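Read through the structure below, which is laid out as structure tokens, and then see the notes.
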Amino acid sequence: MKLTKETLKVLKNFHGINQSILIKAGSVLETISVAKNVLAEATVKEKFPKEFAVYDLSQFLSIAEDEQFADADYDFGEKMVSLANPKKKGKVKYYYADPQVFVHPSKKIEMPTPEISFTLTEEDLAAVNRMAAILSSPDLAVESKGPDVLLTCYDKKNTTANVYSVKVADGNGKKYKMNFKQENMTKLLKGTYDVLISKVGISHFVHKKEPVQYWLALEPDSNFEG
């Protein structure tokens, strides 16, 4: 079995959420942040033959992307996976970790009926992340006072801090301010997303082109007036 570049890209992205991963048999990859406020799922082309855990995902990816193993065959054994490139001399035996020593997804999220929905373009997502970094904004809100839906990066603890906002959709008359940790937005793969937000405190970001999706928890001080 070989790993595609697309799958390695997903694993790199997932490493930004959790340094460890439990890969289950099949074609669905999942990860969850240590704080359990970001859950991600992707469907890949490979079909993994068995469940196995990787504690240091960064190390595993460094091996997978090394020139010796760029086109390696992966042989999944009982206690380890062996990597070997028939065109090279080297071989790696990589032992599985104990999944009990790190946080991993234990159940599926059932997304409630959303009160808010819009499409977040790749351009707007990149702009918000870029401006939040420039302004050192730790917080992000999806907010509306009725006519417009705005994505706003700000600092809720500093009322005089600089603020950046961009309109992402037309409003429907409802008033709300749904708060996120800005750092969680940087964990999304680049691209355009369909966004669903529920007032009970959960959001769903579905990539428009890639088979990947994320669930982000809202902050407790989010407010939805309806």
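Quick look at the values:
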read-out: Cα centroid of the stretch 59-89 to Cα centroid of the stretch 182-226, whole Å; value: 35 Å
read-out: For the stretch 206-220, 3J(HN,Hα) per residue [Karplus equation, 6.51 cos²θ - 1.76 cosθ + 1.60, θ = phi - 60°, Hz, x = Gly/Pro]; value: 10, 5, 6, 10, 8, x, 9, 8, 9, 10, 10, 6, 7, 6, x
read-out: Inter-centroid distance (Cα atoms) of the stretch 121-163 relative to the stretch 29-47, Å; value: 26 Å
read-out: Spacing of the two label points (7 Å from each Cα toward its C-beta) at GLU110 and GLU219, in nm; value: 3.0 nm
read-out: Mean separation of Cα contacts under 8 Å (6+ apart) over length of the chain, as relative contact order %; value: 18 percent
read-out: Loop GluC sites (Glu not before Pro), the stretch 97-140 (other Cβ atoms within 10 Å of the site Cβ: 12 or fewer; DSSP); value: GLU110
read-out: Residue pairs, from the table LYS5/LYS108; LYS167/LYS187; LYS9/LYS47; LYS89/LYS187, whose Cα atoms sit over 25 Å apart; value: LYS5/LYS108; LYS89/LYS187
read-out: From phi via Karplus (6.51, -1.76, 1.60), per-residue ³J(HN,Hα) for the stretch 49-60 in Hz, x at Gly/Pro; value: x, 7, 7, 7, 10, 10, 7, 9, 5, 4, 5, 4
read-out: Under 20 Å from LYS45, Cα to Cα: aspartates and glutamates that are on another chain or at least 8 residues apart; value: GLU6, GLU30, GLU65, ASP71, ASP73, ASP75, GLU210
read-out: Cβ-placed point charges (K, R +1; D, E -1), dipole of the chain about Cα centre in debye, nearest 20; value: 340 debye
read-out: Label of the coordinate-derived value, Kirkwood radius over Cα pairs in Å, listed as (i) 17.5; (ii) 19.1; (iii) 18.0; value: (ii)
read-out: Cα-projected label distance for GLU67 with LYS45, points at 7 Å along beta-carbon direction, nm; value: 2.4 nm
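Rule-based calculations on the coordinates, nothing more; no lab input. These numbers come from a predicted model, not from an experiment. Cβ atoms come from the backbone with ideal geometry, glycine included; neighbour counts cover every protein chain shown.
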